[in-house]
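Report on one structure; see the data block that follows.
The values are calculated or read from the model by the stated rules, or taken from the named source; none is laboratory data. Only a predicted model underlies this, so the values are computations on that prediction, with no experimental measurement involved. Backbone-built Cβ (ideal geometry, glycine too); neighbour counts: all protein chains shown. Side chains are part of the model used for accessible areas, which takes the heavy atoms of the whole protein and leaves out ligands, DNA and RNA. Shrake-Rupley method; radii C 1.70, N 1.55, O 1.52, S 1.80 Å.
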Amino acid sequence: MGRVGLGVAAGCAAATCAIAAALVARRASARARWRRAVALLRDFEEGCATPPARLRQVVDAMVVEMHAGLASDGGSKLKMLLTFVDALPTGNEEGIYYAIDLGGTVFRVLRVEVGAGSVVTCRKVELPIPEELTKGTIEELFSFVAIALKDFVEKDGKDEQRVLGFTFSFPVRQTSVSSGSLIRWTKGFSIENAVGKDVAQCLNEALARSGLNIRVTALVNDTVGTLALGHYHDEDTVAAVIIGAGTNACYIERTDAIIKCQGLLTNSGGMVVNMEWGNFWSSHLPRTPYDISLDDETQNRNDQGFEKMISGIYLGEIARLVLHRMALESDVFGDTADNLSTPFTLSTPLLAAIREDDSPDLSEVRRILQEHLKIPDIPLKTRRLVVKVCDIVTRRAARLAAAGIVGILKKLGRDGSGVASSGRTRGQPRRTVVAIEGGMYQGYPVFREYLDEALVEIMGEEVAQTVALRVTQDGSGVGAALLAAVHSSNRQQGSI
């Protein structure tokens, strides 16, 4: 071989070595990027950890905040609002009752017939509220609602009982079971002349103007309606929880424990308290940098901290924030980091679908990433990483929700621990029912499994067997009608 041949051979060898070195470097870089993604996942999982010991700390913190909220207004992040509901349905109610459910840009009118311990019939209609009425006057809004109710009622002819339950899912400072003043609007409403007014009275005036002989007997929110419906079916129901797009809880409290209203008397010795537990906060909650980023991008910064960890409107966004950081720092999603940069593009229903994909190749995960996040096909191991992120978010949320429920039970002396929060010694655990509604628990089996599992871990299997979570349907509608029945002037005495 001549010198030219040797030169060519040497050049080829050098080129081959260079290519090999480049491939090795590329593989090493890919492995480093993957390790970075795994490290971010591991850090996130550790930050979201909810071992039983930590959950019990959250339980205790919830009880402390409940006491503080009952002691004074503003004494706790938990508002612990009085509802003046001192009687709940027992299953003995009979007759025909009506309800209006107003909590957004769509409202519902219901006619509920009850008898022989069951809901015999329930007729309902759902109507959109014109956008201009959400920014007009309170008189215009409630006149619209009153006319819709009149049209609905007149189709039934002349019913003897015409009492109305009014579910008004906006912040209200209640002054009686049938009256309360609006604190502020949410959900896109901005009717300025309504703030501070008694919303039940405003509706009653609109009903009178329409010529309809019906009055508000019970003014409630959706969580109290859920408790009422649960108690109607089972008198061991002592609390209600909603975990859907948002979250809240209420429960039956002894009136002598409501220190901020000393001397408060009720026929039953108890009253339903609306906790507004979405605003609960404790240093024991496992907060991560992603939760801080989420809080910074919301309009209610530094509020609703518990809700932002457990409710449906936020869980998908937490997962997106994690995936976006992985995309920026590890390049596991290729050149599509920008596709993960828009807030709330990953909804919680999509998060649930990703987590529940049990196909061998995670084909549903691939479809969601491609169609909704515009991320092209990625390796199976990366899809598994996405599933794991969604699982961590789901598991933390469900287990914290479980701790919140146990907090209520502990306040009531029904969690199986040695001494009630009031200091009274406890006997054997009593059967306890918690009514529960909302898509996170009803429509997301993995969330439900994690929540139920955590209840057992916190309380122990023996005590957990005495606690039942009972799913109800339409507490905000049917429950409101039942409360109207109980609190009408011709009611049979309900009980708490």
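At a probe radius of 1.4 angstrom, the accessible area of region 359-473 per residue rounds to 42 square angstrom. Taken over region 84-220, lysine pairs spaced eight or more positions apart, or on distinct chains, with alpha carbons under 18 Å apart number 6. What the pair-distance distribution of region 267-416 shows, using all Cα-Cα distances binned every 10 Å from zero, is 10, 37, 28, 16, 7, 2, 0 percent.
For the chain, the relative contact order comes to 22 percent (Cα pairs under 8 Å, sequence separation of at least 6). Looking at the chain, identify the longest residue range that excludes and avoids all GluC sites (Glu not before Pro) in DSSP loops having at most 12 other Cβ atoms within 10 Å. Looking at the chain, 298-496 is the longest stretch - no exposed GluC sites (Glu not before Pro) with at most 12 other Cβ atoms within 10 Å. In the assembled protein chains, His372 presents an accessible area of approximately 90 Å² (probe radius 1.4 Å). DSSP bridge analysis restricted to the chain gives an antiparallel fraction near 65%, rounded to the nearest 5. Full extension of the segment from Glu140 to Arg173, taken as 0.36 nm per residue of separation minus the current Cα-Cα distance, would add 9.7 nm. Each Lys or Arg adds one and each Asp or Glu takes one away; over the other residues whose Cβ falls under 9 Å from the Cβ of Lys124, this sums to 0.
With a cut-off of 13 Å between beta carbons, the residues surrounding Trp277 carry a summed charge of 0, where Lys and Arg count +1 and Asp and Glu -1.
Distance between the C-alpha centres of region 427-452 and region 299-320: 20 Å, rounded to the whole angstrom. Here, P(r) means the percent of Cα pairs in each 10 Å bin from 0 to the largest distance; for region 84-220 it is 12, 44, 34, 11, 1. On a per residue basis, the convex hull of the C-alpha atoms belonging to the chain measures out at 181 Å³.
If the segment from Ser283 to Glu356 were pulled out straight at 0.36 nm per residue, it would be longer than the present Cα-Cα gap by 23.2 nm.
Within region 84-220, DSSP assigns beta bridges of which about 70% are antiparallel (rounded to the nearest 5). If you plug the beta carbon distance of Glu453 and Gln262 into 1/(1 + (r/R0)^6) with R0 = 51 Å, you get a FRET efficiency near 0.80. Within the straight-line cut-off of under 21 Å between alpha carbons, the lysines reachable from Lys388 are Lys308, Lys374, sequence neighbours fewer than 8 places apart in one chain being disregarded. As a rough guide to protection, the peptides 309-315, 438-444 ranked by mean Cβ packing within 10 Å, highest first, stand as 309-315, 438-444.
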